[in-house]
Amino acid sequence: MVPISHVIGLSALLFMIGVAGVATRRNLIVVLMSIELMLNAVNLAFLGFNRMWADVDAVHRYDGQVFVLMVITVAAAEVAVGLGIVISMFRNRDSVNLEDVSLLKW
Amino acid sequence: MTETQLLRWIVLLPLLAAVYHGVAIGVARRASDRRLVVAISCGAVIGTFVLACVALGKLVQIPRGPTRVLVDDVYTWIGAGVSSTRFSAELGFQVDPLSMTMLLIVSFVGSLIHVYSVGYMDDDHREDKGFQRFFCYMNLFMFSMLVLILADNVVLMFLGWEGVGLCSYLLIGFWYADRHNAYCGAKAFIVNRVGDFAFLIGIFLLFATLARAGTPVTAFRDIQAAFEGIRAATVAVPAWLPWGPAWPVVEVVALCFFIGACGKSAQLPLYVWLPDAMAGPTPVSALIHAATMVTAGVYMVCRLSFLFAAAPAASAVVAWTGGLTAVFAATIAIAQTDIKKVLAYSTVSQLGLMFLAAGCGGYGAAIFHLGTHAFFKALLFLAAGAVILAMHHEQDVRRMGGLRRRIKSTHLVFLIGVLAIIGAPGLSGFFSKDEILVWATRAPGGPWLYWIAVGTAGLTAFYMVRLYCLTFLGECRAPASVKEQIHEVGPWMLVPLFALAFFAVFSGYAGLPAVWGEELFGMDDSDSLGRFLAPVLAKVQGPQLEHSDEMRMAGTAVLVAGAGTLLAWLCYVRRPELPGRIAAAFAGAHRALLNKYWIDELYDALLVRPLVAFSDRVLFRLVDAGLVDGVLVNGTARSVRALASHGLKYAQSGLAQSYVFFMIAGAAALVGWLLR
């Protein structure tokens, strides 16, 4: 059986890659992908902990998996909205570069 | 004790009517049809009276004694704390003989005055919704008064106490377009607040003492039951005060309650609002400022009679304040020329007599006089209202006179009211005033209070007969244009007048003192009101007088009243030039009476103006405009603006990824702090 520390380690690694992508990449589509990566890293952590607790606590046996389903649902909705914004931005600016949208400031 | 759900409906009926009127004029913004207003308002109050009679039927079926009580606990109104620090006030009502008596008086007189108001307010067209607004306030007043009377605990009583004060304010300033009326309403409200403050302190102190003794109760029954436990308790006061450094709690609480009663029942030194309260419509003066609300203080003292009976010093203060107020107000009434002002000072004076009796331990006598006074004073006010309508809103007796032939019915009932109040033998005022005089013989501080009461009776006779002569006898002094149009009022007003006149004559027989019952009618259980009330009032040993002594005292009172009557008749009918000559001979005294001893001016100079100046200069300009508005409100805004516009705003760069960077940095800092 894979020890929990490996699962969490992988999850943390994926999350940090996602964070780095969001913070550094200028392309909006890549930023969205990075956000997906972070969400899935969290899903992985949920599943890992779910497996760890499943044998101990019968009542809350499926809680982690339920959370994962919730996150997947929200992520799908978020992608739909995000891609809509990307398309709208491309129509207006002919670009999907984040630096081209910085009007809202002091 | 018998449970019944009847009592909540007694209280609710007028409230529902008031809410209906309030919704109609406040929310729907359209006055209802006048007939509907009358049907709902009068219906609710008359319904209350009917329910009160049903309650009386239930009450008398219970055998006499301390368990002769109807209770209706609706729910716990305020509840806090546990066990020995538990504070709880029920929304509960009780009817024992004392509140039954008050309930009958209030609902009966209230019903009659509601009917009378229909006639009185009918020709008032100063404002579209005025008619309904008037009845809205009147019903709200009935609700508050009934809560005050029926409350089974001191907290709920305070709710009613404040409610009647509010309605009094609203109704005094009913014609608020006239600034003076609004001023009088505010004056009544503020002066009452002084008394209410002491009342509140009394409640707090009483509860704190009871809780310390291990019995945290608020209901009157429970307080009475737990009373022995706090009898010896004391409050610490500075040692330099007389009788310091420890005062008995009982005395202090009784004094606080009495100061509250002074405010509501217009006793020295807080009586100044009542004469000004006459700015309201006349039915209001009759209902609130003569028959019911102003007697709330007397009712409260009797309700807490076990407390006052255990506090001899506070009782002495009650008796002396009452006696001095009685004679003080009676002297002012002599020189007043406004028909309603005379009656107002007379009310103050009669309330003083009630407190005199209560302070001497004659709680039953106080309630008896309260009842008869409610009838004859409401009658006098309503009759005065009929006179005022007949004279086209003229209130000055110097422009009246000779109305005897022009408005015969009003004249008849007014005469009955005058005879009742001056204590003409056989009428209600005679018996109740006699009771008070009997109790006054055991007044603290010797026979002074007795003679003060007798003197007040003489003064009462003088100013009431003077008022009657100036209004109804002699030549009519009204301008010709008014003179032609003097007319009798309609049946809506006359019927209540005659009903009240009936009770002004005969209500005295409800509490016929034993001496008269035995001597005149050969009854051996005549004082039915006194025996009805006896189980709820504190038992104080009354004066032991022979029947012949009591007869002699009654004779003295009648003689003094007769002398007053004769003097007034001499001055104002036989020799009309005499008052002017007397006034000229005692110019200083006359001016003092005319100006009401300059008490209003004194209060104005000592209290009102310094307070207004302090509020204006310090509280308003310095604290409110300077500190709160200037420093706190505008200062905060200014400093935030300065900070933001010179630095903070550059953080808002418009680059989404710089925000992401701040977010990540913040999250990292948080995680770092958690893992430190």
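The values are calculated or read from the model by the stated rules, or taken from the named source; none is laboratory data. Treat the numbers as computed from the prediction; the structure is a model and nothing was measured. Don't worry about glycine lacking a Cβ; one is built from the backbone with ideal geometry, like all the others, and counts go over all protein chains shown. Please note that ligands, DNA and RNA were not included when accessible areas were found on the heavy atoms of the full protein model with its side chains. Shrake-Rupley method; radii C 1.70, N 1.55, O 1.52, S 1.80 Å.
Let's see how each residue does on (1) over 17 Å from B:Val11 (Cα atoms); (2) among the hydrophobic types (A, V, I, L, M, F, W, C):
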{"site": "B:His21", "(1), (2)": "no, no"}
{"site": "B:Arg34", "(1), (2)": "yes, no"}
{"site": "B:Ala44", "(1), (2)": "no, yes"}
{"site": "B:Ala52", "(1), (2)": "no, yes"}
{"site": "B:Leu56", "(1), (2)": "no, yes"}
{"site": "B:Gly65", "(1), (2)": "yes, no"}
{"site": "B:Ala80", "(1), (2)": "yes, yes"}
{"site": "B:Gly92", "(1), (2)": "no, no"}
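The requirement of being of a type outside the set (A, V, I, L, M) and open to solvent by 10 Å² or more (accessible area, probe 1.4 Å) is not satisfied by B:Gly322. In the condition set (1) closer than 25 Å to B:Thr218 by Cα; (2) among the basic types (Lys, Arg); (3) out of contact with any helix residue (DSSP H, G or I) (no Cβ under 8 Å at 6 or more places or on another chain), B:Arg35 is compliant with all but (1). Against the criterion of being free of Cβ contacts under 8 Å to residues at least 24 places away in the same chain, within 14 Å of chain B (Cβ to nearest Cβ) and either polar (S, T, N, Q) or outside any helix (DSSP H, G or I) (or both), A:Ser34 qualifies.
Quick check on the range A:8-24: of everything there that is within 24 Å of B:Tyr659 (Cβ to Cβ) and of a type in the set (A, V, I, L, M), which residue is farthest from the other protein chains (Cβ to nearest Cβ)? So the residue we want is A:Leu14. Residues that are in contact with a Leu (Cβ under 7 Å, 6 or more places away or on another chain), assigned to a loop (DSSP other than H, G, I, E, B) and at the interface with chain B (Cβ under 7 Å from one of its Cβ atoms) within the range A:81-106 comprise just one, A:Ser102. Based on this model, can you work out whether B:Thr441 counts as open to solvent by less than 50 Å² (accessible area, probe 1.4 Å) and polar (S, T, N, Q)? Answer is no for this residue.
Residue count for the range B:45-62 under the criterion of being open to solvent by 70 Å² or more (accessible area, probe 1.4 Å), over 17 Å from B:Ser528 (Cβ atoms) and touching a strand residue (DSSP E or B) at 6+ places or on another chain (Cβ under 9 Å): the result is 1.
Per the listing B:Leu274, B:Leu255, B:Leu206, the residue uniquely at pLDDT 90 or above and open to solvent by 50 Å² or more (accessible area, probe 1.4 Å) is B:Leu255. Residues that are open to solvent by 80 Å² or more (accessible area, probe 1.4 Å) and under 17 Å from the mean Cα position of the chain (by Cα) do occur in the range A:8-15.
Out of all the residues in the range A:73-93, is one or more of a type in the set (S, T, N, Q), without any contact (Cβ under 8 Å) to a residue 60 or more places away in the chain, open to solvent by 60 Å² or more (accessible area, probe 1.4 Å) and more than 22 Å from B:Ala656 (Cβ to Cβ)? Yes, the range A:73-93 contains at least one residue that is of a type in the set (S, T, N, Q), without any contact (Cβ under 8 Å) to a residue 60 or more places away in the chain, open to solvent by 60 Å² or more (accessible area, probe 1.4 Å) and more than 22 Å from B:Ala656 (Cβ to Cβ). Of the residues screened, A:Ser5 is one that is away from every other protein chain (no Cβ under 13 Å), among the polar types (S, T, N, Q) and open to solvent by 50 Å² or more (accessible area, probe 1.4 Å). Residue pairs whose Cβ atoms lie under 9 Å apart, separated by 6 or more positions or on different chains, with the first residue in the range B:650-661 and under 14 Å from A:Arg26 (Cβ atoms) and the second of a type in the set (D, E, K, R) and part of a loop (DSSP other than H, G, I, E, B), are B:Leu655/A:Lys105; B:Gln657/A:Arg25; B:Gln657/A:Arg26. As for the range B:57-76, it holds at least one residue that is within 21 Å of B:Ala18 (Cα to Cα) and not in a helix (DSSP H, G or I). Flag not set for A:Trp53, criterion: at pLDDT below 90, open to solvent by 30 Å² or more (accessible area, probe 1.4 Å) and either within 14 Å of chain B (Cβ to nearest Cβ) or in contact with a Lys or Arg (Cβ under 6 Å, 6 or more places away or on another chain) (or both). B:Ala390 meets all of the listed conditions (1) small (Gly, Ala, Ser); (2) within 25 Å of the chain's Cα centre (by Cα); (3) modelled with pLDDT under 90 but one, namely (2).
Residues of the range B:89-124 that are outside any helix (DSSP H, G or I) and open to solvent by less than 30 Å² (accessible area, probe 1.4 Å): B:Ala89, B:Gly92, B:Phe93, B:Gln94, B:Val95, B:Asp96, B:Asp124. The helices (runs of 4 or more DSSP H) found wholly in the range B:578-676 and carrying at least 2 residues that are within 14 Å of chain A (Cβ to nearest Cβ) and open to solvent by less than 70 Å² (accessible area, probe 1.4 Å) occupy B:635-645, B:656-674.
Taken residue by residue, the range B:177-187 has no member that is closer than 22 Å to B:Phe308 by Cα and of a type in the set (Phe, Trp, Tyr).
Looking across the range B:325-334, the residues that are over 26 Å from B:Leu148 (Cβ atoms) and modelled with pLDDT of 90 or more come down to B:Val327, B:Phe328, B:Ala330, B:Thr331, B:Ile332, B:Ala333. In this structure, is B:Ala188 more than 24 Å from B:Tyr299 (Cα to Cα) and part of a helix (DSSP H, G or I)? The answer is no for B:Ala188. Against the numbered list (1) over 16 Å from the mean Cα position of the chain (by Cα); (2) surrounded by 16 or more Cβ atoms within 10 Å (Cβ to Cβ); (3) touching a residue at least 24 places away in the same chain (Cβ under 8 Å); (4) within 14 Å of chain B (Cβ to nearest Cβ), A:Asn27 comes up short only at (2). A:Asn40 meets all of the listed conditions (1) open to solvent by less than 90 Å² (accessible area, probe 1.4 Å); (2) more than 14 Å from every other protein chain (Cβ to nearest Cβ); (3) more than 30 Å from A:Arg91 (Cβ to Cβ) but one, namely (3).
Checking the range A:56-65 against the condition returns a match, with at least one residue being more than 14 Å from every other protein chain (Cβ to nearest Cβ) and surrounded by 18 or more Cβ atoms within 10 Å (Cβ to Cβ).
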